[in-house]
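Chemist: Structure incoming, see below.
The values are calculated or read from the model by the stated rules, or taken from the named source; none is laboratory data. Note that the coordinates shown come from a computational prediction; the quantities given were computed from them, not determined experimentally. So basically every Cβ, Gly included, is an ideal-geometry build from the backbone, and we count neighbours across all protein chains shown.
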Amino acid sequence: MNTGDDSNIVLLKNIVKIYPDGTLALRGVDLELRKGEIHGLLGENGAGKTTLMKILSGLIKPTRGEIYIKGKRISLRNPAHALSLGIGMVHQHLSLVPVFTVYENIVLGLKGAKPSKVEIEKLMNTTGLKVPLDSVTENLSLGVRQRAEILKMLVRNVDVLILDEPTTNLSPIETRELFKSLRNLKEQGKTIVLITHKIREVLEVTDRVTVLRKGRVVGSVETTKTNSRELAKLMVGREVIFEIEKSPRLPGEVAVEVEDLHVIGDTGVSAVRGVSFSVKYGEIFGIGGVEGNGQIELAEAIAGIRRILKGRIILGGRDITHASTKERYSMGLSYIPEDRRTGLAMDMSVAENSVLTRITYDKNLVNKAGFLRFNEILKYAGKLVKDFEIVVSALSSPARTLSGGNQQKLVVGRELSREPSVILAVQPTRGLDVGATEYIRKLLVKMRDEGKAVILISSDLDEAMSLSDRMAIMYEGRFTGIVDPRKVTEEEVGLMMGGYTIEEIKHGMSD
Ligand SMILES: Nc1ncnc2c1ncn2[C@@H]1O[C@H](COP(=O)(O)OP(=O)(O)O)[C@@H](O)[C@H]1O
Ligand SMILES: [Mg+2]
């Protein structure tokens, strides 16, 4: 790499980032961006893509490393500083002021003479980024708002435009239009960084691609010199897959059937777009994939906290598509949500939390007059704490005072000790230490061995692959395949995570 070469508009050298909580997000990353290229930054969740680009756009500071912009070593102070040097980033969560018009948002904060609407319209024509300038932003689709964010960067004359997972909330048509605009911008000499986990997008629109894995660059190549298989392998390739002792499965009857499920997400776009699968008693059915591909919405639909648009869910032979959470619960479904804060009442005691979902049906906990029997509750909580090795100072301490791992054990323990027939666990080990992680994984296997049906949603691929008897990969609201994790290669899993269906993979691919 040559820092003086003016074809390198940006050069990052040996960038290390340690977050204040100790997370080592980048372990010495080099990246070179050339003038007039579309550069793909590909990687799984947590690979460090966003962190790296936040550093380049001045939002966070690197712990170590050097940043060269147009050949000059720079220490970026903040995003405004980066913008003044021609670098702008459009974040995953859009940041326009909802009550302003599009025009007001585009020129917001500009110093000096603001471009007129006519000038912006000219820019819209040359780039293909069409937006209604006089409309109030909050009424517009995410696709339009994103175009406005890009225009906002362009009127600031950026040379390097960074887009973080820009197609997440776009329809296929909007995606195609966005890519067309990106090609136009490239023709005009702009450099574009496209952060994505979608291999198809990299192959479709980028000139070069850098693959990050666990905070390191594992490959940087010209897109025409690589292919989907190689990229998939680079993206997920791993040293050892977490091993857990597991006996062969002896699945029984069908416990859960999901038929052609469609669910709308919070932003109004369809998050689950026709998912079907069945899970048997005595089986762990894993659902993997990069986060944000509809897994959470699917879980919430099964748990009964998100409305189902179309399709059916059968639990133990009964149609529960429109049943309440409580009904599902009393039919034996246990739900371990991703966010333990939704599973616990943080200001209530450990004892109260341990019976939170049980109180509605366990007659033992309530006396004839309808009052809680605190002795019984304490007895129950004490057993839970002992059985699940939860570290607490007192049963009367608020749940908030527990460590993250112990909070999670409390939720998991409570949900599993009620002898459910079906367990729906979402990211059950996220953020836990090694000990607690292993404990919970073993517990899920134990439940399966006892004949319970387990649906495990996890974006930790090692976890999904080592625990699941069968595993689906979710991508843009659909399954790209349901496979036996022992019979697929990492390359095949990577391809499924990047948007290829198992049929396409098995029967030859088009690129
Ligand atoms: N503000 C933060 N504090 C602590 N850790 C963080 C923070 N932001 C990201 N991380 C961690 O840094 C790693 C890289 O994250 P990120 O850059 O968001 O990856 P990607 O964009 O590739 O999914 C992950 O382990 C993530 O959990
Ligand atoms: Mg990211």
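Chemist: Condition first: more than 15 Å from ligand 2 (Cβ to nearest atom), closer than 18 Å to ILE473 by Cα, of a type in the set (D, E, K, R) and in a loop (DSSP other than H, G, I, E, B). Can you find one or more residues in region 230-238 that meet it? I'd like the intermediate steps shown before the answer.
Modeler: Residues of region 230-238 that are more than 15 Å from ligand 2 (Cβ to nearest atom), as a first pass: 230-234, 236-238.
Adding the requirement that they be closer than 18 Å to ILE473 by Cα leaves 231-234, 236-238.
Then drop every residue that is not of a type in the set (D, E, K, R), which leaves 233, 238.
Pick out the ones that are also in a loop (DSSP other than H, G, I, E, B) and you get 238.
Yes, region 230-238 contains at least one residue that is more than 15 Å from ligand 2 (Cβ to nearest atom), closer than 18 Å to ILE473 by Cα, of a type in the set (D, E, K, R) and in a loop (DSSP other than H, G, I, E, B).
Chemist: Checking the conditions here, which among GLY109, GLY128 is within 19 Å of GLY36 (Cα to Cα) and away from ligand 2 (no atom under 16 Å from the Cβ)? Please lay out each step first, then the result.
Modeler: Details: GLY109 fails: within 19 Å of GLY36 (Cα to Cα).
Result: GLY128 is the single residue among GLY109, GLY128 that is within 19 Å of GLY36 (Cα to Cα) and away from ligand 2 (no atom under 16 Å from the Cβ).
Chemist: Still on this structure, I have one more. For region 188-225, which residues satisfy the criterion of being more than 16 Å from ligand 2 (Cβ to nearest atom) and polar (S, T, N, Q)?
Modeler: GLN188, THR191, THR206, SER220, THR223, THR224
Chemist: Being within 28 Å of GLY237 (Cβ to Cβ) and within 16 Å of ligand 2 (Cβ to nearest atom) is the requirement here; does THR63 meet it?
Modeler: On the way: within 28 Å of GLY237 (Cβ to Cβ): yes; within 16 Å of ligand 2 (Cβ to nearest atom): no.
Considered against the rule, which asks whether it is within 28 Å of GLY237 (Cβ to Cβ) and within 16 Å of ligand 2 (Cβ to nearest atom), THR63 comes out as no.
Chemist: For the condition among the small types (Gly, Ala, Ser) and at positive phi, what is the one hit in GLY498, GLY477? Talk me through it step by step, then tell me what you get.
Modeler: On the way: GLY498 fails: at positive phi.
One residue alone meets the criteria, GLY477.
Chemist: Looking at GLY43, GLY28, GLY36, which one is touching a helix residue (DSSP H, G or I) at 6+ places or on another chain (Cβ under 8 Å) and within 16 Å of ligand 1 (Cβ to nearest atom)? I'd like the intermediate steps shown before the answer.
Modeler: On the way: GLY28 fails: touching a helix residue (DSSP H, G or I) at 6+ places or on another chain (Cβ under 8 Å); GLY36 fails: within 16 Å of ligand 1 (Cβ to nearest atom).
Testing whether each residue is touching a helix residue (DSSP H, G or I) at 6+ places or on another chain (Cβ under 8 Å) and within 16 Å of ligand 1 (Cβ to nearest atom) leaves just GLY43.
Chemist: If you go through region 13-25 one residue at a time, how many are within 11 Å of ligand 1 (Cβ to nearest atom), charged (D, E, K, R) and in contact with a Gly (Cβ under 9 Å, 6 or more places away or on another chain)? Give the derivation first.
Modeler: Taking region 13-25 as the starting set, the residues that turn out to be within 11 Å of ligand 1 (Cβ to nearest atom) are 17-25.
Those still in the list that are charged (D, E, K, R) too: 17, 21.
Subsequent filtering for residues that are in contact with a Gly (Cβ under 9 Å, 6 or more places away or on another chain) retains 17.
Here the count works out to 1.
Chemist: Can you pull out the residues in region 303-340 that are acidic (Asp, Glu) and either touching a residue at least 24 places away in the same chain (Cβ under 8 Å) or surrounded by 15 or more Cβ atoms within 10 Å (Cβ to Cβ) (or both)?
Modeler: Just the residues of region 303-340 that are acidic (Asp, Glu), to begin with: 319, 327, 338-339.
GLU338, the sole residue that qualifies.
Chemist: Within region 40-104, considering only strands (runs of 3 or more DSSP E) that don't extend past its boundaries, which have at least 2 residues that are surrounded by 14 or more Cβ atoms within 10 Å (Cβ to Cβ) and more than 22 Å from the chain's Cα centre (by Cα)? Give the steps one after another, and end with the answer.
Modeler: Values: elements: 64-69, 72-74, 87-90.
Because the criterion is at least 2 residues that are surrounded by 14 or more Cβ atoms within 10 Å (Cβ to Cβ) and more than 22 Å from the chain's Cα centre (by Cα), the strands (runs of 3 or more DSSP E) in region 40-104 that meet it are 64-69, 87-90.
Chemist: For region 180-199, enumerate the residues that are buried (at least 18 other Cβ atoms within 10 Å of the Cβ) and away from ligand 1 (no atom under 16 Å from the Cβ). Reasoning before the result, please.
Modeler: Filtering region 180-199 down to residues buried (at least 18 other Cβ atoms within 10 Å of the Cβ) leaves 181-182, 185-186, 190-199.
Passing the criteria: SER181, LEU182, LEU185, LYS186, LYS190, THR191, ILE192.
Chemist: Show me the strands (runs of 3 or more DSSP E) entirely contained within region 241-318 in which 1 or more residues are hydroxyl-bearing (Ser, Thr, Tyr). Break it down stepwise before answering.
Modeler: Working: elements: 254-264, 270-280, 283-288, 308-315.
By residue number, 270-280.
Chemist: Something else about it: Assess whether VAL269 counts as being surrounded by fewer than 21 Cβ atoms within 10 Å (Cβ to Cβ), at pLDDT below 90 and not acidic (Asp, Glu).
Modeler: Working: surrounded by fewer than 21 Cβ atoms within 10 Å (Cβ to Cβ): yes; at pLDDT below 90: yes; not acidic (Asp, Glu): yes.
When the stated conditions are applied, VAL269 passes them.
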